[in-house]
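See structure below.
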Amino acid sequence: MRCSPQAVLLLPLPACRTWRKRLDHVTEVSTSTFVPPPGPTKRPARMGLPAVSLLLAAGILHAQASPLARSFELDYEEDCFRKDGAPFRYISGSIHYARVPRPAWRDRLLKMYMSGLSAVQVYVPWNYHEPRPGVYDFVGNRDVEAFLDLTAELGLLVILRPGPYICAEWEMGGLPSWLLWKPDIVLRSSDPAYLAAVDSWLHVLLPKIKPRLYQHGGNIISVQVNSEYYTGWLDYWGEAHASTSSVRVARGLENMLQMGASVNMYMFHGGTNFAYWSGADFKDQYKPVTTSYDYDAPLSEAGDPTEKLFAIRTVISKFQPLPAGPMPSPTPKYAYGRVALQKHADLLDALGVLCPSGPIQSQFPLTFEAIKQAHGFVVYRTQLPRDVPDPATLGAPPHSICDRGYVMLQKEYCGTLERDGQTTLRVMGRAGDTLDVLLENMGRISFGANISDFKGLLGNLSLDSSPLSNWLIYPLDIDTAVQQGWPHAALPKPSRRGRAGPAFYTGTFETPGIAWDTFVKFPGWSKGQLWINGFNLGRYWPRRGPQQTLFVPGSVLHIGRPNNVTVLELEGAPSTPLLFFLDQPLFNRTASNSTVATE
């Protein structure tokens, strides 16, 4: 959740009452024990006492029970938390299971425990678990119950933030994009359509939470909005890598602990926005978030303890004993080296594989939401209505390219249209020539008034102010094709065109008897998406920066058989398409000023 650096967001009381009603339906606990904080709702300093946190599940947490029963509650008179009746302070850190591969959960949580934390703060992203209305996914990396059980096994308490809205620079703030299938819906409001979807979701989620509540023998001590002490900051494409001084973070933490405060550090481990899950902010313009969510956090993107972690650990040791034993060592990394790739096919030559159901016909362009496409890419195709012997202006209305459009005329790449950027191109051609625009969703806005962030072509393209019509719209399902073995199981398609424009490249490499974490660098590449063994590692954009490498968890690699690499390059591959696998990440550089060696 990002507001101003020193602001905290409190949930309005009507929303709190709505939460109590839904939670009580599941927990069968009376709401008569709920006591709202005194005084008017306001925006206090983010680094204040823990009482600024609004406990949404107060009806649960203030259980009517004997002093010997398990309980966790707020004592407003003494300005403290009470756990089992005794004053209690937590020292917590945020971790998002959706940004960490499941095989790494134990490693990250153990390092947090050994840092001296007594609790972790955890988001539940609704859209991660309900990709389509009524279709739920709680297996593998999405097994939130297994993650919560692991926190309990390792002796960590949990501050749960189940949404339905979470922000977190996550795609659409955790809200599923299918909510926008109803174009006039008012999100995060009392709109009946929105509340009905929320009710349906919470009826699925809350029963999974109930047995893990502290009062029921579990380790979830609160269900809340806004305890965040920033250990770092996020990165946006095109801006410098954010970093925060270890000394400054440690000093702020020590000041709060000296006051007797509880604290949650956001983030303690940031992780990675794999696939299409990175969201965007809107601050006078659209600001997409990088694939890395390293956050300059105490545990790095790859889960390694940093100087900041040890500074925090030293501060914590002044106030409470640290767990016995050493801090677990960093996970091993390996520089697998150079991997050669070859062009497999231009994207437009693979539409039969990527859109097996065929195109949707429409007089004018339709949004992603109108054709029920959540993420990724859609091709919009039409024909030039007349001869254009001299360059004419192909243009889009303001704010209608969401978020990048790669333009091809007769399958030749012409250039890119961009939200809050270039929105016109000069083109020539003949009547009947095919015009294709590949639209990319770069992540929906995660907070604020612009959260209803529709994607695709939101307005009609025009040629010298004459609107184009009669479109064929291809919703692409690239991930399913890649997961099913394409393009490695198919023969390459012959292509006479050069290396400009959207195209797929493939290659393989083998690990030397190990499968360690690594980082992949893209020398000379422009922008695109990377899959290894069918796993979508996310977006790369070295020309824009600052992120120059993508994190590759060892858990996605094979031992004893080839690892399949698939790259979708959107603008233009290098003349010699190579990737380099390194044993460390590269941040804070763009292709224009990078001095890093390519090997």
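The values are calculated or read from the model by the stated rules, or taken from the named source; none is laboratory data. From a predicted model like this one, the values you see are computed outputs, not experimental measurements. All Cβ positions, even for glycine, are placed from backbone atoms using ideal geometry, and neighbour counts span all protein chains on display. In case anyone asks, the SASA skips ligands and DNA or RNA and just uses the protein heavy atoms, side chains included. Shrake-Rupley method; radii C 1.70, N 1.55, O 1.52, S 1.80 Å.
Can you send over the carbon and sulfur percentage of the accessible area for region 381-492, probe radius 1.4 Å, protein chains only? Carbon and sulfur: 48 percent of the exposed surface of region 381-492. Selection among Leu148, Leu257, Ser465 by position relative to the dipole of the chain gives Leu257 as farthest towards the positive end (Cβ unit charges, Cα centre). The accessible-area ordering, largest first, of the residues Ser362, Ser575 stands as Ser575, Ser362, per a 1.4 angstrom probe. Placing unit charges on the Cβ atoms of the charged side chains and taking the dipole of the chain about its Cα centre, the candidate lying farthest along the positive direction among Tyr230, Val437, Tyr380 is Tyr230. Length gained on full extension, Glu78 to Asn450: 129.9 nm, using 0.36 nm per residue less the C-alpha separation.
Pairs to check: Lys182/Lys493; Lys333/Lys527; Lys111/Lys455; Lys208/Lys455; Lys182/Lys343. Give those whose C-alpha atoms are more than 30 Å from each other in this structure.
The answer is Lys182/Lys493; Lys111/Lys455; Lys208/Lys455; Lys182/Lys343.
Placing unit charges on each Cβ (+1 for Lys and Arg, -1 for Asp and Glu) gives region 488-572 a dipole about its Cα centre, and among Trp541, Thr508, Asn563 the Cα reaching farthest toward its positive end belongs to Trp541. Ligands, DNA and RNA are left out, and with a 1.4 angstrom probe the accessible area of region 190-321 is 33 Å² per residue. Computed from the alpha carbon positions, the gyration tensor of the chain leads to an equivalent ellipsoid with semi-axes of 44, 28, 21 Å, biggest first.
Leaving ligands, DNA and RNA out of it, report the carbon-plus-sulfur percent of the accessible area of region 161-282 at a 1.4 Å probe. Could the numbers behind the result be given before it?
On the way: 2020 of 3660 Å².
Ligands and nucleic acids excluded, carbon and sulfur give 55 percent.
For region 299-350, which whole-number percentage of the solvent-accessible area (1.4 Å probe, protein heavy atoms only) is attributable to carbon and sulfur atoms? Provide the component values of the computation, followed by the final result.
Details: 1260 of 2260 Å².
Solvent-exposed carbon and sulfur of region 299-350 make up 56 percent of the total.
Think of each Lys and Arg Cβ as +1 and each Asp and Glu Cβ as -1; about the Cα centre, that makes the dipole of region 288-442 roughly 300 debye.
Where in region 503-587 are there trypsin sites (Lys or Arg not before Pro) that are in a DSSP coil and have at most 15 other Cβ atoms within 10 angstrom of their Cβ? All intermediate terms of the calculation are to be shown ahead of the outcome.
Values: sites: Lys521, Lys527, Arg539, Arg543, Arg544; in loops: Lys527, Arg543, Arg544.
Listed in order of number, the matching sites amount to none.
Averaged per residue, region 377-511 has 42 square angstrom of accessible surface, using a 1.4 angstrom probe with ligands and nucleic acids left out.
Counting heavy atoms of the protein chains alone, Cys402 has an accessible area of about 0 Å² for a 1.4 Å probe.
Would you work out the charge dipole size for region 478-588 about its Cα centre, treating the Cβ of every Lys and Arg as +1 and the Cβ of every Asp and Glu as -1, and quote it to the nearest 20 debye?
Details: 10 positive and 6 negative charges, 99 e Å.
So the magnitude is around 480 debye.
Rg(Cα) of region 394-504 divided by 2.2 N^0.38 Å? Could you put the intermediate results ahead of the total?
Working: Rg = 16.0 Å, N = 111, 2.2 N^0.38 = 13.2 Å.
Ratio of Rg to 2.2 N^0.38 Å for region 394-504: 1.21.
Put simply, the amide H of Arg543, placed in the peptide plane, has neighbours under 5 Å in Ala591, leaving out anything fewer than 5 places away on its chain.
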